[in-house]
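Heads up, the thing below is written out as structure tokens.
The values are calculated or read from the model by the stated rules, or taken from the named source; none is laboratory data. In this text, all values refer to a predicted model and were calculated from it rather than measured experimentally. Ideal geometry is used to build each Cβ from the backbone, glycine not excepted, and the neighbour counts take in all protein chains shown.
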Amino acid sequence: MVLTGLKANDKCRIRNVSGGGYARKRLYELGLNSGAEVKMVKNDFGPIIVSLSGQKLAIGRGLAQHIVVDKE
Amino acid sequence: MYTIALVGNPNSGKTTLFNVLTGSNQHVGNWPGVTVEKKEGSFKHKGAIYNVVDLPGTYSLGAYSEDELIARDFVIKGSPDVVINVVDASNIDRNLYLTTQLLEMGANVVVALNMMDEATNKKIEVDIQELSKDLGVPVIPTVAAKKSGIEDLIEGTINAITNRSNNVEFSYGPSIDENVNRIADVLKGMGFNYPVKWLALKALEGDKEILSLIDKKEGIGDILESTKSDGIDYELDIVDKRYSFINSIIKKGVKKPTEEIVTLTDKIDKILTSRLLGLPIFGLIMYLVFQLTFLVGSDFLGGYVETFIGFIGELIASGLESISAPDWVISFLIEGAIGGVGAVLVFVPLIMVLYFFLAILEDTGYMSRAAYIMDGIMRAVGLHGKTFISMIVGFGCNVPGIMATRTLENKKDRMIAILINPFMSCGARLPIYLVFIAAFFPDHGGLALFIIYAVGIAFALLFGKIFSKTLFKGESSHFIMELPPYRMPKAPVVLRDMWEKVWDFVKRAGTVIFAVVTILWILSVFPLGVEPYSQDSLLGKIGEFIAPLFAPAGFGSWQASVSLFAGIAAKEAVVAILGMVYAGVSEGTELVTAIQAAFTPLSAVSFLVMTLLYTPCAAVIATVKKETNSYKWAIFMAVYPFILAWVMAVLVFQVGSLLGF
């Protein structure tokens, strides 16, 4: 499934980022790389917000749809 | 003298540490060839002087943005004796990513493990010795905001100058390592200023800067070509490997709670970023900022400055008369210098209060939330959410506002953000509004100010939409932004930030505005023999020549025309000129009375619309030229707002007149 399919407080592990061009590497560099554990904080309107070991990141919805995850 | 570079993520407390280290021994310049701010300072320790360079805050040292290029160029080419890497201990995993890159570059790194107090609050425990051993460099715990650990950090840094310790060898797994070595072998002896292994790694990562430097070299192209078919995604794999190195270190040296604790930030964010309340709260905050600016700045503080400037003026005037100085000297000093520059300086308290509140918003971490909340609206008009941050910076001054667009990596997003930034009303335009508000709407000052700024935002958004549909079509780049934890604003940071900007304003009054005022004073007394500041002077003739253009907008007087003309040099000059031509020695009240006589409420509104929207000042146009590297866009920046402003001002006046205002 993709990141936007998660509800608030769901946890998941990142499998990979399937698109997004230039932004892909930035996501990796910010710690959203394969295997990273991520918690969904907010997914209602606009960009989603995830927590990565306490660090909050806002990610545009379009880009978040390219992030393939395994729900835990 | 030794040079120390400060490197760290945004929000890692790097700037706070820089301030603690260097105190007031700072100066701000620009990096050669670019407009990125370069902050330098120094401190003394046991008789030796240490020069500290604060590099731009970055997450990585790739070629992603100009900031990152500057930081990495300085680490390599600036050959600092030590690089202090400021690491946010409460967010250690991601912060160490930058550390791994510094180690790859072979920099002489000392890690300042900052924000130890926040880490403790989050129940994160760090084994400093273990971490230091695994990274192969000194690690020193600090809390820069509370000035703790600073002595140790200075000792450790000085010690590192002579005892270089970075000697950890990285492994990225056999296949990457092999290719790094192959490329490095070819590059060896070619006389590069960079470590060859780092060059090789960057080339494999697909770093365009480095590739353009080496891919023409013999043998390199073949190796790079051969790596394309081996099924490895080098770009992302190398990032993954850095993170596995970090994870192995974290496992050994850092203890973290398995469950995330709900922090105060989470609770505040529930409200401030909520779908229903986020936008109204943001509006309310901005409204309060302007309301308070008006209340504290003009009613409370403003009076003193005004009285003081009036007092100085009288003192100088009577002094000059007593030594029977020539009339022209008195005229220049009193009507020109003090009248013009004084009219601008009167607004220092207001500017101070506005900058104070903007600095607080910035320091608390609210700005990134504002960008988050606005992303929807911004995207609806074809803009990137981050554009909003550059817009808010523009409230202070459009020059840094335009520079702040550098965080937008997509050319289209950036161009639009640059072209709409001047609609964000800057601090220099504030005095104009204040004079007119004091003259016509004194009872609703805060509201009037809020409306002016809101109209500016509305035009910025409108033109964002227009540009994204016409000049710059295409997709906006993706939105990725960190939402740092809320922090209590720290008085020294806020005050320093405010002071730097206020001082800049005062300096401009003393230099640019003084120069403009001098030129206009000369124009006002020639041809010799005319009544100074009269319609017969050169100044009056110029005004008279332009005036018909503004007649349909209701302010076709030579005085208003000449002030708008001067405003293209610098916006503060508008009030300075009005002060000179209307009031002589222009302490506020006198100028306000003159304005009341010369304008009607309706023509005042159309004049305000004109000053809000028309051609930005020379400094902004020069910045647009620098940032876009094109005269075409600089000219465009000067022309289209003027046409827009004129049309809007005429519309306001004509429609208003029809409605009987």
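Determine which member of the set A:32, A:63 is touching a strand residue (DSSP E or B) at 6+ places or on another chain (Cβ under 8 Å), facing another protein chain (nearest Cβ under 7 Å) and within 22 Å of residue B:371 (Cα to Cα).
Result of the check over A:32, A:63: A:63.
What residue, of B:149, B:191, B:156, is modelled with pLDDT under 90 and over 19 Å from residue B:224 (Cα atoms)?
B:191
Of these, B:623, B:589, which one is within 22 Å of residue B:416 (Cβ to Cβ) and modelled with pLDDT under 85?
One residue alone meets the criteria, B:623.
Return a yes/no flag: does segment B:244-264 have any residue that is hydroxyl-bearing (Ser, Thr, Tyr), crowded, with 17+ Cβ neighbours inside 10 Å and in the same structural domain as residue B:183 (by TED's automatic domain parsing).
no
Taking residue A:46 and the conditions (1) in contact (Cβ under 8 Å) with a residue 24 or more places away in the chain; (2) in contact with a strand residue (DSSP E or B) (Cβ under 9 Å, 6 or more places away or on another chain), which numbered condition does it fall short on, given that it satisfies the others?
If we test residue A:46 against (1) in contact (Cβ under 8 Å) with a residue 24 or more places away in the chain; (2) in contact with a strand residue (DSSP E or B) (Cβ under 9 Å, 6 or more places away or on another chain), just (1) comes out false.
In segment B:237-260, is there at least one residue being farther than 30 Å from residue B:486 by Cα and within 9 Å of chain A (Cβ to nearest Cβ)?
Among the residues of segment B:237-260, not one is farther than 30 Å from residue B:486 by Cα and within 9 Å of chain A (Cβ to nearest Cβ), which makes the answer no.
Quick check, is residue B:647 among the hydrophobic types (A, V, I, L, M, F, W, C) and in contact (Cβ under 8 Å) with a residue 60 or more places away in the chain?
Considered against the rule, which asks whether it is among the hydrophobic types (A, V, I, L, M, F, W, C) and in contact (Cβ under 8 Å) with a residue 60 or more places away in the chain, residue B:647 comes out as no.
From the list B:462, B:447, which residue is within 20 Å of residue B:357 (Cβ to Cβ) and either modelled with pLDDT under 90 or aliphatic (A, V, I, L, M) (or both)?
B:447
Table: residues versus (1) small (Gly, Ala, Ser); (2) within 27 Å of residue A:31 (Cα to Cα).
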position: B:160; (1), (2): yes, no
position: B:164; (1), (2): no, no
position: B:184; (1), (2): yes, no
position: B:213; (1), (2): no, no
position: B:245; (1), (2): no, yes
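Rundown of residues vs (1) surrounded by fewer than 23 Cβ atoms within 10 Å (Cβ to Cβ); (2) within 14 Å of another protein chain (Cβ to nearest Cβ); (3) touching a Pro at 6+ places or on another chain (Cβ under 6 Å), yes/no style:
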site	(1), (2), (3)
B:318	yes, no, no
B:323	yes, no, no
B:330	yes, no, no
B:362	yes, no, no
B:375	no, yes, yes
B:390	no, no, no
B:405	no, no, no
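Scan B:434, B:449, B:430, B:483 and give me the residue that is surrounded by 20 or more Cβ atoms within 10 Å (Cβ to Cβ), within 14 Å of chain A (Cβ to nearest Cβ) and touching a residue at least 24 places away in the same chain (Cβ under 8 Å).
The unique qualifying residue is B:483.
For segment B:412-427, indicate whether the set of residues that are in contact with a His (Cβ under 7 Å, 6 or more places away or on another chain) and crowded, with 24+ Cβ neighbours inside 10 Å is non-empty.
Yes - at least one qualifying residue is present in segment B:412-427.
Which count do you get for residues in segment B:197-227 that are more than 20 Å from residue B:67 (Cα to Cα), part of a helix (DSSP H, G or I) and either over 38 Å from the mean Cα position of the chain (by Cα) or of a type in the set (D, E, K, R) (or both)?
9
Among the residues of segment B:393-437, which ones are among the β-branched types (Val, Ile, Thr) and modelled with pLDDT of 85 or more?
Selection gives B:402, B:416, B:418, B:420, B:432, B:435, B:437.
Residues of segment B:304-354 being among the aromatic types (Phe, Trp, Tyr) and without any contact (Cβ under 8 Å) to a residue 60 or more places away in the chain, which ones?
Hits for segment B:304-354 are B:304, B:308, B:311.
Just need a number here: residues in segment B:497-535 that are under 30 Å from residue B:354 (Cβ atoms) and in a helix (DSSP H, G or I).
24
Output the helices (runs of 4 or more DSSP H) that fall wholly within segment B:293-373 and possess 2 or more residues being assigned by TED's automatic domain parsing to the domain that holds residue B:486 and touching a helix residue (DSSP H, G or I) at 6+ places or on another chain (Cβ under 6 Å), or say none.
B:303-322, B:342-345, B:348-364
Among the listed residues B:109, B:82, B:87, which satisfies the condition of being more than 27 Å from the chain's Cα centre (by Cα) and either free of Cβ contacts under 8 Å to residues at least 60 places away in the same chain or within 22 Å of residue B:240 (Cα to Cα) (or both)?
Residue meeting the stated conditions: B:109.
Contact list please: Cβ distance under 7 Å, first residue in segment B:406-419 and within 15 Å of residue B:68 (Cα to Cα), second residue assigned to a helix (DSSP H, G or I), pairs at least six apart or on different chains.
Short answer, once both residue conditions are applied: B:406/B:66; B:406/B:67; B:408/B:387; B:408/B:414; B:408/B:417; B:409/A:22.
Give segment B:616-638 a look and list any residue that's over 20 Å from the mean Cα position of the chain (by Cα) and buried (at least 22 other Cβ atoms within 10 Å of the Cβ), or say none.
Listed by number, the list is empty, since nothing qualifies.
Does segment B:285-301 contain at least one residue that is more than 14 Å from chain A (Cβ to nearest Cβ), of a type in the set (Val, Ile, Thr), touching a Leu at 6+ places or on another chain (Cβ under 9 Å) and surrounded by fewer than 17 Cβ atoms within 10 Å (Cβ to Cβ)?
Yes: segment B:285-301 contains one or more residues that are more than 14 Å from chain A (Cβ to nearest Cβ), of a type in the set (Val, Ile, Thr), touching a Leu at 6+ places or on another chain (Cβ under 9 Å) and surrounded by fewer than 17 Cβ atoms within 10 Å (Cβ to Cβ).
I'm checking my understanding of the structure. Among residues of segment B:209-232 that are exposed (fewer than 12 other Cβ atoms within 10 Å of the Cβ) and either within 11 Å of chain A (Cβ to nearest Cβ) or among the polar types (S, T, N, Q) (or both), which one is nearest to residue A:32 (Cα to Cα)?
Among residues in segment B:209-232 that are exposed (fewer than 12 other Cβ atoms within 10 Å of the Cβ) and either within 11 Å of chain A (Cβ to nearest Cβ) or among the polar types (S, T, N, Q) (or both), the one nearest to residue A:32 (Cα to Cα) is B:229.
Working only within segment A:6-23, note down all residues that are away from chain B (no Cβ under 11 Å), in a loop (DSSP other than H, G, I, E, B) and either exposed (fewer than 14 other Cβ atoms within 10 Å of the Cβ) or of a type in the set (Ser, Thr, Tyr) (or both).
Within segment A:6-23, A:7, A:18 meet the criteria.
Looking at the structure I just gave you, is residue A:52 surrounded by 15 or more Cβ atoms within 10 Å (Cβ to Cβ), of a type outside the set (Val, Ile, Thr), facing chain B (nearest Cβ under 7 Å) and more than 21 Å from residue B:383 (Cβ to Cβ)?
no
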